[in-house]
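Inspection log for the structure reproduced underneath, given as structure tokens.
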Amino acid sequence: MNERTVTRAQLSEAVYQEVGLSRNESADLVETILNEISDALSRGETVKISSFGSFFVRQKGERIGRNPKTGEEVPIRPRRVLVFRASHVLKNRVNDANGASA
Amino acid sequence: MTKSELIMRIGELNPHLFHRDVERIVTTIFDEISAALARGDRVELRGFGAFSVKQRDARLGRNPRTGDSVSVASKVIPFFKTGKQLRERLNGGEV
């Protein structure tokens, strides 16, 4: 598998090719969309994108962790973490493409 | 928030755009991410997070109801790791 990395630049380019706005405006829109999703998640909302997946915010309780280097016990504060669950459509798409060569 | 609510919100923020264009923009972005994952590529969106695919080996599973063992083929699953900035934002900006 020859792995490459896709970034905001490629997403903006795709929007530019698809919709015919300026490159600048396309880049701004990509940013706005990521921002709106982040805002909703910060409010604790679930974000569901059909045929892609859902982002959930999960509350984690406090627990005792350990500094792996020193072995010292340190409390891990209660915190909120983000979980992504891919939809079946995305799982199937990824598997059909990569699975055969695995 | 659903995809259609996201589209509505982006439309409100960009009143000069046609609704169908906003729809295409949002769809294009998620399609592009899906296509990259299907190629086995990584998608890195600094501050937001990174999507990648992970290989799961074939294993012997069990039917939880009957206890029969069944072989589960190896598969590839999409994976998301939250970016540092978003992780901090979820926790009220503290580190």
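Read-outs throughout are calculated quantities, based only on the coordinates presented, and are distinct from any laboratory measurement. Since the model is a prediction, treat every value here as computed from it, not as a measurement. Neighbour counts run over all protein chains shown; Cβ positions are idealised from the backbone, glycine included.
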Ranked B:Arg89, B:Arg59, A:Arg80, B:Arg65, criterion: other C-beta atoms within 10 Å, fewest first: B:Arg65, B:Arg59, A:Arg80, B:Arg89
Order of B:Phe30, B:Phe79, B:Phe48 under a 10 Å beta carbon neighbour criterion, fewest first: B:Phe79, B:Phe30, B:Phe48
With Cα atoms, 0 to 90° folded angle of helix A:23-42 axis to chain A main axis: 30
Value of [θ]222 nm, deg cm²/dmol, for chain B, DSSP H segments ≥ 4, -39500 (n - 2.57) each, nearest 500: -12500 deg cm²/dmol
Nearby lysines by direct alpha-carbon distance to B:Lys75 (threshold 26 angstrom, same-chain neighbours under 8 apart not counted): A:Lys48, A:Lys91, B:Lys54
Estimated distance in nm for a label pair at A:Arg23 and A:Glu45, the labels positioned 7 Å out from Cα along Cα-to-Cβ: 3.3
Cα-centre dipole for the protein assembly as shown with unit charges at Cβ (Lys and Arg positive, Asp and Glu negative), debye to 20: 1040
Highest-fluctuation residue, B:Leu13, B:Leu45, B:Leu37 considered, GNM on chain B with Cα pairs under 10 Å: B:Leu13
Paired Rg and Dmax values of the protein assembly as shown, which use every Cα atom, in angstrom: 19.3, 60
Label-point separation, A:His88 to B:Lys54 (7 Å along Cα→Cβ), nm: 2.3
For the protein assembly as shown, share of DSSP beta bridges that run antiparallel, in % to the nearest 5: 90
Computed label-point distance, nm, for sites A:Ala9 and B:Ile77 using a 7 Å Cα→Cβ extension: 3.3
The range B:43-95: Rg to Rh, with Rh as the Kirkwood radius over Cα pairs: 1.29
Within-10-Å neighbourhood charge of A:Arg66 [Cβ basis; K, R +1; D, E -1]: -1
